[in-house]
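I have placed the structure first, in the form of C-alpha coordinates, so that the comments after it can refer back to it.
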There are 2 protein chains.
Amino acid sequence: MDYKEAKEKFISTWGSLGSLWGINKAMAQIQALLFISTKPLSMEDIMEELKISRGNTSMNLRQLMDWGIVTKVLVSGERKEFFTTEKDVQELARIVAKERSRREIRPVIKVLEDVSSIKDDGTEKTKELIKQTKALNQLTQDLDTLMNKMVNQKQNWLTKSVLKLMK
Amino acid sequence: MDYKEAKEKFISTWGSLGSLWGINKAMAQIQALLFISTKPLSMEDIMEELKISRGNTSMNLRQLMDWGIVTKVLVSGERKEFFTTEKDVQELARIVAKERSRREIRPVIKVLEDVSSIKDDGTEKTKELIKQTKALNQLTQDLDTLMNKMVNQKQNWLTKSVLKLMK
DNA sequence: ATAAACTTTCAGTAATTACTGAAAGTTTAA
DNA sequence: TTAAACTTTCAGTAATTACTGAAAGTTTAT
(Lines give C-alpha, C1' and ligand atoms only; values in the text may rest on other atoms or scores of the structure.)
Protein backbone atom coordinates (compact mmCIF):
# COMPACT_ATOMS: atom_id res chain seq x y z
CA MET A 1 0.00 0.00 0.00
CA ASP A 2 1.50 3.32 -1.05
CA TYR A 3 0.85 6.75 0.39
CA LYS A 4 -2.05 7.60 -1.88
CA GLU A 5 -3.88 4.34 -1.23
CA ALA A 6 -3.29 4.55 2.50
CA LYS A 7 -4.52 8.11 2.62
CA GLU A 8 -7.67 7.27 0.67
CA LYS A 9 -8.35 4.23 2.79
CA PHE A 10 -8.02 6.21 5.97
CA ILE A 11 -10.28 9.02 4.76
CA SER A 12 -12.96 6.69 3.48
CA THR A 13 -12.92 4.51 6.60
CA TRP A 14 -13.19 7.56 8.81
CA GLY A 15 -16.12 8.75 6.75
CA SER A 16 -17.90 5.41 7.11
CA LEU A 17 -17.31 5.31 10.84
CA GLY A 18 -18.82 8.78 11.06
CA SER A 19 -21.93 7.65 9.20
CA LEU A 20 -22.39 4.72 11.56
CA TRP A 21 -22.35 7.11 14.49
CA GLY A 22 -24.65 9.72 13.05
CA ILE A 23 -22.01 12.06 11.68
CA ASN A 24 -22.25 13.21 8.11
CA LYS A 25 -19.73 11.46 5.89
CA ALA A 26 -18.36 14.59 4.24
CA MET A 27 -17.85 16.20 7.63
CA ALA A 28 -15.88 13.23 8.91
CA GLN A 29 -13.83 13.09 5.73
CA ILE A 30 -12.93 16.75 5.81
CA GLN A 31 -11.75 16.31 9.37
CA ALA A 32 -9.76 13.22 8.39
CA LEU A 33 -8.12 15.07 5.52
CA LEU A 34 -7.09 17.96 7.73
CA PHE A 35 -5.96 15.55 10.40
CA ILE A 36 -3.28 14.01 8.19
CA SER A 37 -2.38 17.15 6.32
CA THR A 38 1.03 18.69 7.00
CA LYS A 39 -0.31 22.18 6.49
CA PRO A 40 -3.62 24.12 6.59
CA LEU A 41 -5.84 23.59 3.57
CA SER A 42 -8.05 25.98 1.64
CA MET A 43 -11.60 25.32 0.56
CA GLU A 44 -10.32 24.68 -2.96
CA ASP A 45 -7.85 22.10 -1.66
CA ILE A 46 -10.58 20.25 0.20
CA MET A 47 -13.04 20.33 -2.70
CA GLU A 48 -10.37 19.03 -4.99
CA GLU A 49 -9.15 16.24 -2.70
CA LEU A 50 -12.56 14.92 -1.70
CA LYS A 51 -14.32 15.73 -4.96
CA ILE A 52 -17.17 17.55 -3.26
CA SER A 53 -18.91 20.81 -4.10
CA ARG A 54 -18.15 24.24 -2.71
CA GLY A 55 -21.48 24.40 -0.93
CA ASN A 56 -20.99 21.07 0.76
CA THR A 57 -17.47 21.98 1.81
CA SER A 58 -18.55 25.33 3.18
CA MET A 59 -21.45 23.91 5.19
CA ASN A 60 -19.45 21.11 6.71
CA LEU A 61 -16.50 23.33 7.58
CA ARG A 62 -18.95 25.59 9.40
CA GLN A 63 -20.24 22.63 11.38
CA LEU A 64 -16.76 21.46 12.25
CA MET A 65 -15.95 24.96 13.45
CA ASP A 66 -19.15 25.07 15.51
CA TRP A 67 -18.03 21.86 17.15
CA GLY A 68 -14.66 23.46 17.87
CA ILE A 69 -12.79 20.80 15.95
CA VAL A 70 -11.61 22.91 13.06
CA THR A 71 -10.26 26.45 13.08
CA LYS A 72 -9.57 29.07 10.44
CA VAL A 73 -5.98 30.11 10.07
CA LEU A 74 -4.64 33.10 8.22
CA VAL A 75 -1.84 32.37 5.84
CA SER A 76 0.13 35.52 5.27
CA GLY A 77 0.09 36.75 1.72
CA GLU A 78 -3.04 34.70 0.95
CA ARG A 79 -6.46 36.18 0.56
CA LYS A 80 -8.48 33.03 0.98
CA GLU A 81 -9.12 31.21 4.22
CA PHE A 82 -7.25 28.13 5.37
CA PHE A 83 -8.32 25.47 7.83
CA THR A 84 -6.70 23.14 10.34
CA THR A 85 -8.05 20.61 12.79
CA GLU A 86 -6.95 19.86 16.32
CA LYS A 87 -4.04 17.48 15.88
CA ASP A 88 -3.93 15.97 19.33
CA VAL A 89 -6.13 12.88 19.44
CA GLN A 90 -6.93 13.05 23.12
CA GLU A 91 -7.95 16.67 22.89
CA LEU A 92 -10.07 15.76 19.89
CA ALA A 93 -11.79 13.00 21.84
CA ARG A 94 -12.42 15.37 24.72
CA ILE A 95 -14.05 17.93 22.45
CA VAL A 96 -16.27 15.39 20.71
CA ALA A 97 -17.34 13.81 24.01
CA LYS A 98 -18.15 17.18 25.55
CA GLU A 99 -20.08 18.41 22.55
CA ARG A 100 -22.15 15.31 22.07
CA SER A 101 -22.91 15.24 25.75
CA ARG A 102 -24.02 18.86 25.70
CA ARG A 103 -26.05 18.71 22.51
CA GLU A 104 -27.54 15.26 22.62
CA ILE A 105 -27.40 13.80 26.13
CA ARG A 106 -28.37 16.76 28.28
CA PRO A 107 -31.74 17.26 26.56
CA VAL A 108 -32.52 13.57 27.04
CA ILE A 109 -31.68 13.80 30.74
CA LYS A 110 -34.15 16.65 30.98
CA VAL A 111 -36.90 14.51 29.44
CA LEU A 112 -36.04 11.56 31.67
CA GLU A 113 -36.35 13.81 34.68
CA ASP A 114 -39.73 15.08 33.58
CA VAL A 115 -41.04 11.65 32.75
CA SER A 116 -39.74 9.96 35.88
CA SER A 117 -41.32 12.57 38.08
CA ILE A 118 -44.91 12.14 36.99
CA LYS A 119 -47.40 11.46 39.78
CA ASP A 120 -47.50 7.86 40.94
CA ASP A 121 -51.14 6.92 40.46
CA GLY A 122 -50.61 3.53 42.07
CA THR A 123 -50.98 1.47 38.89
CA GLU A 124 -48.34 -1.06 38.06
CA LYS A 125 -47.57 0.41 34.64
CA THR A 126 -47.00 3.88 36.06
CA LYS A 127 -44.72 2.46 38.72
CA GLU A 128 -42.73 0.63 36.03
CA LEU A 129 -42.41 3.73 33.84
CA ILE A 130 -41.16 5.76 36.79
CA LYS A 131 -38.77 3.07 37.95
CA GLN A 132 -37.24 2.45 34.54
CA THR A 133 -36.87 6.07 33.50
CA LYS A 134 -35.33 6.85 36.91
CA ALA A 135 -32.79 4.09 36.38
CA LEU A 136 -32.02 5.35 32.90
CA ASN A 137 -31.65 8.86 34.20
CA GLN A 138 -29.23 7.66 36.87
CA LEU A 139 -27.20 5.72 34.32
CA THR A 140 -27.02 8.62 31.92
CA GLN A 141 -25.91 10.99 34.63
CA ASP A 142 -23.32 8.53 35.94
CA LEU A 143 -21.90 8.08 32.48
CA ASP A 144 -21.83 11.81 31.94
CA THR A 145 -20.04 12.31 35.26
CA LEU A 146 -17.62 9.53 34.49
CA MET A 147 -16.87 10.97 31.10
CA ASN A 148 -16.32 14.42 32.48
CA LYS A 149 -14.08 13.05 35.22
CA MET A 150 -11.93 11.30 32.68
CA VAL A 151 -11.93 14.03 30.17
CA ASN A 152 -11.23 16.80 32.62
CA GLN A 153 -7.97 15.28 33.68
CA LYS A 154 -6.88 17.00 30.49
CA GLN A 155 -3.24 15.98 30.49
CA ASN A 156 -3.15 12.34 29.47
CA TRP A 157 -6.55 11.62 30.85
CA LEU A 158 -6.77 8.29 29.15
CA THR A 159 -3.64 6.77 30.55
CA LYS A 160 -4.47 8.08 33.99
CA SER A 161 -7.96 6.65 33.82
CA VAL A 162 -6.78 3.27 32.65
CA LEU A 163 -4.19 3.11 35.40
CA LYS A 164 -6.72 3.92 38.09
CA LEU A 165 -9.09 1.29 36.83
CA MET A 166 -6.36 -1.36 36.82
CA LYS A 167 -6.24 -1.42 40.58
CA MET B 1 -48.26 15.06 32.49
CA ASP B 2 -50.27 11.85 32.75
CA TYR B 3 -49.12 8.29 32.12
CA LYS B 4 -49.98 8.26 28.43
CA GLU B 5 -48.19 11.52 27.68
CA ALA B 6 -45.14 10.52 29.70
CA LYS B 7 -44.93 7.17 27.97
CA GLU B 8 -45.20 8.74 24.53
CA LYS B 9 -42.65 11.38 25.38
CA PHE B 10 -40.20 8.79 26.60
CA ILE B 11 -40.63 6.56 23.56
CA SER B 12 -40.32 9.37 21.07
CA THR B 13 -37.30 10.89 22.82
CA TRP B 14 -35.56 7.54 22.92
CA GLY B 15 -36.26 7.12 19.22
CA SER B 16 -34.76 10.50 18.43
CA LEU B 17 -31.68 9.82 20.51
CA GLY B 18 -31.25 6.58 18.59
CA SER B 19 -31.41 8.40 15.26
CA LEU B 20 -28.78 10.86 16.40
CA TRP B 21 -26.46 7.96 17.19
CA GLY B 22 -27.06 5.97 14.04
CA ILE B 23 -29.71 3.64 15.39
CA ASN B 24 -32.92 3.22 13.49
CA LYS B 25 -35.79 5.07 15.14
CA ALA B 26 -38.23 2.16 15.09
CA MET B 27 -35.62 -0.12 16.64
CA ALA B 28 -34.99 2.30 19.48
CA GLN B 29 -38.70 2.81 20.03
CA ILE B 30 -39.48 -0.89 20.18
CA GLN B 31 -36.76 -1.28 22.77
CA ALA B 32 -38.13 1.69 24.72
CA LEU B 33 -41.63 0.26 24.64
CA LEU B 34 -40.48 -3.11 25.94
CA PHE B 35 -38.29 -1.41 28.51
CA ILE B 36 -41.23 0.21 30.26
CA SER B 37 -43.70 -2.59 29.72
CA THR B 38 -44.78 -4.61 32.75
CA LYS B 39 -45.07 -7.78 30.66
CA PRO B 40 -43.77 -9.28 27.42
CA LEU B 41 -45.42 -7.93 24.27
CA SER B 42 -46.46 -9.64 21.06
CA MET B 43 -45.80 -8.37 17.58
CA GLU B 44 -49.40 -7.23 17.39
CA ASP B 45 -49.01 -5.24 20.61
CA ILE B 46 -45.93 -3.49 19.29
CA MET B 47 -47.45 -2.71 15.88
CA GLU B 48 -50.51 -1.32 17.58
CA GLU B 49 -48.66 0.83 20.12
CA LEU B 50 -46.11 2.29 17.74
CA LYS B 51 -48.32 2.36 14.66
CA ILE B 52 -45.80 0.59 12.50
CA SER B 53 -46.19 -2.24 9.99
CA ARG B 54 -45.72 -5.91 10.59
CA GLY B 55 -42.68 -6.04 8.32
CA ASN B 56 -40.98 -3.17 10.08
CA THR B 57 -41.69 -4.68 13.48
CA SER B 58 -40.41 -8.07 12.46
CA MET B 59 -37.18 -6.75 10.97
CA ASN B 60 -36.37 -4.55 13.91
CA LEU B 61 -37.14 -7.22 16.47
CA ARG B 62 -34.74 -9.47 14.61
CA GLN B 63 -32.03 -6.82 14.84
CA LEU B 64 -32.65 -6.26 18.52
CA MET B 65 -32.35 -9.99 19.08
CA ASP B 66 -29.12 -10.11 17.06
CA TRP B 67 -27.78 -7.44 19.34
CA GLY B 68 -28.78 -9.53 22.35
CA ILE B 69 -31.01 -6.78 23.72
CA VAL B 70 -34.36 -8.42 23.18
CA THR B 71 -35.38 -12.03 23.73
CA LYS B 72 -38.35 -14.14 22.75
CA VAL B 73 -40.39 -15.51 25.61
CA LEU B 74 -43.01 -18.23 25.49
CA VAL B 75 -46.26 -17.37 27.13
CA SER B 76 -48.03 -20.55 28.10
CA GLY B 77 -51.31 -21.07 26.36
CA GLU B 78 -50.39 -18.56 23.66
CA ARG B 79 -49.41 -19.51 20.17
CA LYS B 80 -47.75 -16.30 19.09
CA GLU B 81 -44.36 -15.10 20.21
CA PHE B 82 -43.77 -12.53 22.91
CA PHE B 83 -40.76 -10.30 23.48
CA THR B 84 -38.96 -8.69 26.40
CA THR B 85 -35.88 -6.57 26.68
CA GLU B 86 -33.12 -6.63 29.25
CA LYS B 87 -34.48 -4.55 32.10
CA ASP B 88 -31.27 -3.75 33.91
CA VAL B 89 -29.83 -0.52 32.57
CA GLN B 90 -26.22 -1.30 33.35
CA GLU B 91 -26.43 -4.66 31.66
CA LEU B 92 -28.05 -2.94 28.70
CA ALA B 93 -25.23 -0.42 28.50
CA ARG B 94 -22.68 -3.22 28.66
CA ILE B 95 -24.29 -5.08 25.80
CA VAL B 96 -24.55 -2.02 23.59
CA ALA B 97 -20.98 -0.99 24.29
CA LYS B 98 -19.64 -4.47 23.56
CA GLU B 99 -21.61 -4.86 20.38
CA ARG B 100 -20.77 -1.49 18.94
CA SER B 101 -17.13 -2.04 19.78
CA ARG B 102 -17.14 -5.41 18.09
CA ARG B 103 -19.07 -4.42 14.99
CA GLU B 104 -17.89 -0.91 14.36
CA ILE B 105 -14.66 -0.16 16.22
CA ARG B 106 -12.65 -3.33 15.67
CA PRO B 107 -12.76 -3.06 11.87
CA VAL B 108 -11.55 0.51 12.08
CA ILE B 109 -8.65 -0.51 14.32
CA LYS B 110 -7.69 -3.02 11.65
CA VAL B 111 -7.60 -0.30 8.98
CA LEU B 112 -5.65 2.04 11.24
CA GLU B 113 -3.10 -0.68 11.77
CA ASP B 114 -2.74 -1.29 8.07
CA VAL B 115 -2.51 2.36 7.20
CA SER B 116 -0.08 3.25 9.97
CA SER B 117 2.27 0.48 8.97
CA ILE B 118 2.93 1.56 5.40
CA LYS B 119 6.55 2.01 4.49
CA ASP B 120 8.06 5.33 5.55
CA ASP B 121 9.35 6.79 2.29
CA GLY B 122 10.94 9.70 4.10
CA THR B 123 8.51 12.36 2.85
CA GLU B 124 6.90 14.67 5.33
CA LYS B 125 3.36 13.78 4.34
CA THR B 126 3.95 10.06 4.75
CA LYS B 127 5.50 10.65 8.16
CA GLU B 128 2.45 12.69 9.17
CA LEU B 129 0.00 10.05 7.94
CA ILE B 130 1.83 7.36 9.89
CA LYS B 131 2.13 9.49 13.01
CA GLN B 132 -1.50 10.53 13.09
CA THR B 133 -3.02 7.15 12.31
CA LYS B 134 -0.74 5.57 14.91
CA ALA B 135 -2.00 8.04 17.49
CA LEU B 136 -5.59 7.37 16.51
CA ASN B 137 -4.99 3.65 16.70
CA GLN B 138 -3.52 4.02 20.16
CA LEU B 139 -6.47 6.14 21.30
CA THR B 140 -9.03 3.76 19.92
CA GLN B 141 -7.38 0.79 21.56
CA ASP B 142 -7.05 2.62 24.88
CA LEU B 143 -10.71 3.56 24.79
CA ASP B 144 -11.65 0.03 23.93
CA THR B 145 -9.54 -1.33 26.80
CA LEU B 146 -10.97 1.23 29.17
CA MET B 147 -14.49 0.39 28.16
CA ASN B 148 -13.92 -3.30 28.55
CA LYS B 149 -12.30 -2.77 31.93
CA MET B 150 -15.29 -0.85 33.15
CA VAL B 151 -17.86 -3.02 31.60
CA ASN B 152 -16.33 -6.29 32.70
CA GLN B 153 -16.64 -5.41 36.34
CA LYS B 154 -20.16 -6.63 35.67
CA GLN B 155 -21.66 -6.04 39.08
CA ASN B 156 -22.17 -2.33 39.46
CA TRP B 157 -19.34 -1.47 37.14
CA LEU B 158 -20.35 2.13 36.87
CA THR B 159 -20.31 2.96 40.53
CA LYS B 160 -17.05 1.10 40.97
CA SER B 161 -15.47 2.94 38.08
CA VAL B 162 -16.61 6.32 39.26
CA LEU B 163 -15.29 5.62 42.74
CA LYS B 164 -11.89 4.62 41.45
CA LEU B 165 -11.65 7.70 39.32
CA MET B 166 -12.53 9.95 42.23
CA LYS B 167 -9.24 9.23 43.92
C1' DA C 1 -16.54 53.68 -5.40
C1' DT C 2 -15.71 49.66 -8.04
C1' DA C 3 -14.55 45.23 -9.06
C1' DA C 4 -12.13 41.07 -8.26
C1' DA C 5 -11.66 37.31 -5.02
C1' DC C 6 -13.60 34.95 -2.15
C1' DT C 7 -17.60 32.66 1.08
C1' DT C 8 -22.34 31.59 2.26
C1' DT C 9 -26.93 30.36 1.40
C1' DC C 10 -30.53 27.75 -0.37
C1' DA C 11 -33.89 25.88 -3.93
C1' DG C 12 -33.77 21.95 -6.51
C1' DT C 13 -32.18 17.28 -7.02
C1' DA C 14 -29.84 13.03 -5.99
C1' DA C 15 -28.67 9.35 -2.85
C1' DT C 16 -29.65 6.89 1.04
C1' DT C 17 -32.36 4.88 4.44
C1' DA C 18 -36.63 3.36 6.35
C1' DC C 19 -41.24 1.46 5.85
C1' DT C 20 -45.26 -0.95 3.95
C1' DG C 21 -48.09 -4.69 2.65
C1' DA C 22 -48.76 -8.75 0.56
C1' DA C 23 -46.82 -13.16 -0.93
C1' DA C 24 -44.11 -16.89 0.66
C1' DG C 25 -42.58 -19.51 4.44
C1' DT C 26 -43.10 -21.86 8.96
C1' DT C 27 -45.23 -23.89 12.89
C1' DT C 28 -48.90 -25.92 15.44
C1' DA C 29 -53.32 -28.06 16.29
C1' DA C 30 -56.78 -31.09 15.04
C1' DT D 1 -52.21 -33.76 5.93
C1' DT D 2 -54.53 -29.90 5.98
C1' DA D 3 -55.53 -25.49 7.28
C1' DA D 4 -55.34 -21.87 10.54
C1' DA D 5 -52.23 -18.92 12.97
C1' DC D 6 -48.53 -16.92 12.86
C1' DT D 7 -43.62 -14.87 11.07
C1' DT D 8 -40.36 -13.54 7.54
C1' DT D 9 -38.96 -11.66 3.31
C1' DC D 10 -38.62 -8.34 -0.14
C1' DA D 11 -40.10 -5.44 -4.25
C1' DG D 12 -41.95 -1.16 -4.46
C1' DT D 13 -42.55 3.31 -2.36
C1' DA D 14 -42.13 6.96 0.95
C1' DA D 15 -39.38 9.82 3.98
C1' DT D 16 -35.20 11.60 5.18
C1' DT D 17 -30.77 13.23 4.55
C1' DA D 18 -27.00 14.87 1.81
C1' DC D 19 -25.19 17.40 -2.13
C1' DT D 20 -24.85 20.59 -6.02
C1' DG D 21 -24.31 24.84 -8.34
C1' DA D 22 -25.44 29.26 -9.01
C1' DA D 23 -27.07 33.58 -7.07
C1' DA D 24 -26.44 36.57 -3.27
C1' DG D 25 -23.43 38.23 0.14
C1' DT D 26 -18.92 39.76 2.00
C1' DT D 27 -14.27 41.32 2.09
C1' DT D 28 -10.18 43.35 0.26
C1' DA D 29 -7.36 45.86 -3.00
C1' DT D 30 -6.94 49.61 -5.99
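The values are calculated or read from the model by the stated rules, or taken from the named source; none is laboratory data. Everything numeric in this text was worked out from a predicted model, so none of it was measured. Cβ placement follows ideal geometry from the backbone for every residue including glycine, while neighbour counts extend to all protein chains displayed.
Here is how the numbers come out for the structure above:
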| quantity | calculated |
| --- | --- |
| Elements of type helices (runs of 4 or more DSSP H) in region A:1-63, at least 2 residues being under 27 Å from residue B:118 (Cα atoms) and more than 13 Å from DNA strand D (Cβ to nearest atom) | A:3-20, A:25-35 |
| Flag for residue A:47 being out of contact with any Leu (no Cβ under 7 Å at 6 or more places or on another chain) and buried (at least 16 other Cβ atoms within 10 Å of the Cβ) | yes |
| Region A:51-87, subset out of contact with any helix residue (DSSP H, G or I) (no Cβ under 8 Å at 6 or more places or on another chain) and of a type in the set (Asp, Glu), residue farthest from DNA strand C (Cβ to nearest atom) | A:66 |
| Every pair of residues 6+ apart whose Cβ atoms lie under 7 Å, when the first sits in region A:24-50 and is among the hydroxyl-bearing types (Ser, Thr, Tyr) while the second is assigned to a helix (DSSP H, G or I) | A:38/B:124; A:38/B:125; A:38/B:128 |
| Unmet criterion (only one of (1) within 11 Å of chain A (Cβ to nearest Cβ); (2) within 16 Å of DNA strand D (Cβ to nearest atom); (3) in contact with a Leu (Cβ under 6 Å, 6 or more places away or on another chain)) for residue B:70 | (1) |
| Tally of residues being of a type outside the set (A, V, I, L, M) and either buried (at least 22 other Cβ atoms within 10 Å of the Cβ) or more than 16 Å from residue B:140 (Cβ to Cβ) (or both) across region A:16-30 | 5 |
| Hits in region A:39-50 - residues which are of a type in the set (A, V, I, L, M) and either within 7 Å of DNA strand C (Cβ to nearest atom) or at pLDDT below 95 (or both) | A:43 |
| Scan of region A:75-91 for residues that are within 12 Å of chain B (Cβ to nearest Cβ) and either free of Cβ contacts under 8 Å to residues at least 24 places away in the same chain or in a loop (DSSP other than H, G, I, E, B) (or both), ordered by number | A:86, A:87, A:88, A:89, A:91 |
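For every residue, the table says whether it meets (1) among the aliphatic types (A, V, I, L, M); (2) surrounded by 14 or more Cβ atoms within 10 Å (Cβ to Cβ); (3) not assigned by TED's automatic domain parsing to the domain that holds residue B:39.
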| site | (1), (2), (3) |
| --- | --- |
| B:73 | yes, no, no |
| B:93 | yes, yes, yes |
| B:98 | no, yes, yes |
| B:101 | no, yes, yes |
| B:104 | no, yes, yes |
| B:110 | no, no, yes |
| B:117 | no, yes, yes |
